[in-house]
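What follows is a single structure, written as structure tokens, with notes after it.
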Amino acid sequence: MNKTLFYSIILMASFGIYAQEEDNITKAELVKDSSSEYAQAYGKHEVRLNALDLVVHPALHLYYERIVNESSGYGASLFINFGDYDATYQSFAFSPYYRFYFLNRKDFGASGLFVEVFSTLASANFDDFSSAFNDEDHFMFSMGVGAGKKWVNRNGFSFEVFAGVGRYFNQLDRGPEANGRFGLSVGKRF
């Protein structure tokens with residue numbers, strides 16, 4: 001009787017250990033499946049338009065972002081100024097960036113609060129800033145940080161508010177030392 005009881009306990013314990021291992025594998029597969037399901041449902045690409053630049057001055061500011069996972073993404077923005085230089089000194093700017101998302105919901109991913117690092121290569125005209133500049137464009141390079149918040153709905157449409165500041169590395173005499181990035185952008189994931 002003792003042997004039967006002993007073997008029964010060992011047999012039940014081995015099933016319990018096997019069931020726990022099976023459970024852990026299932027949970028890991030579930031997390032993997034949910035992120036691939038997210039990528040299929042919402043896509044890993046996002047295109048946005050900065051509406052604030054359209055309102056403040058006639059400029060086109062487009063963004064592309066590649067979603068790496070639920071917590072990060074990288075991309076670039078392209079700024080083209082069609083008006084005068086009253087609101088900004090930049091006539092053209094290209095800015096690659098990398099973002100880290102925090103406090104996001106896993107079902108939409110790559111949303112919520114974010115912090116980004118960026119660099120900007122810009123063609124700028126500082127004639128209005130100082131009389132020392134002749135009406136010429138100068139190429140400027142800056143690096144900086146930004147922060148903001150992004151919302152994404154179930155249809156893949158996004159809305160984002162952000163601000164950032166970068167420091168020029170090839171500063172000209174009597175020119176500005178920094179450039180700012182501000183925006184209200186709307187976009188779509190695909």
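Listing for the model above:
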{"quantity": "Filtered residue count, region 44-62, keeping only those that are part of a strand (DSSP E or B) and either crowded, with 22+ Cβ neighbours inside 10 Å or of a type in the set (A, V, I, L, M) (or both)", "calculated": "8"}
{"quantity": "Residue within region 102-113 that is buried (at least 19 other Cβ atoms within 10 Å of the Cβ), modelled with pLDDT of 90 or more and out of contact with any helix residue (DSSP H, G or I) (no Cβ under 9 Å at 6 or more places or on another chain) present", "calculated": "no"}
{"quantity": "Candidate set: region 172-187, residues that are surrounded by 14 or more Cβ atoms within 10 Å (Cβ to Cβ) and out of contact with any His (no Cβ under 9 Å at 6 or more places or on another chain); chosen: the one farthest from Val68 (Cα to Cα)", "calculated": "Pro176"}
{"quantity": "Candidate set from region 86-98 (those that are part of a loop (DSSP other than H, G, I, E, B) and surrounded by 18 or more Cβ atoms within 10 Å (Cβ to Cβ)); member that is modelled with the highest pLDDT", "calculated": "Tyr89"}
{"quantity": "Residue tally, condition surrounded by 21 or more Cβ atoms within 10 Å (Cβ to Cβ) and in contact with a Leu (Cβ under 6 Å, 6 or more places away or on another chain), over region 63-82", "calculated": "0"}
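The values are calculated or read from the model by the stated rules, or taken from the named source; none is laboratory data. If you're wondering where the values come from, they're calculated on a predicted model, not measured in any experiment. No Cβ is skipped: glycine too gets one built from the backbone with ideal geometry, and neighbour counts run over all protein chains shown.
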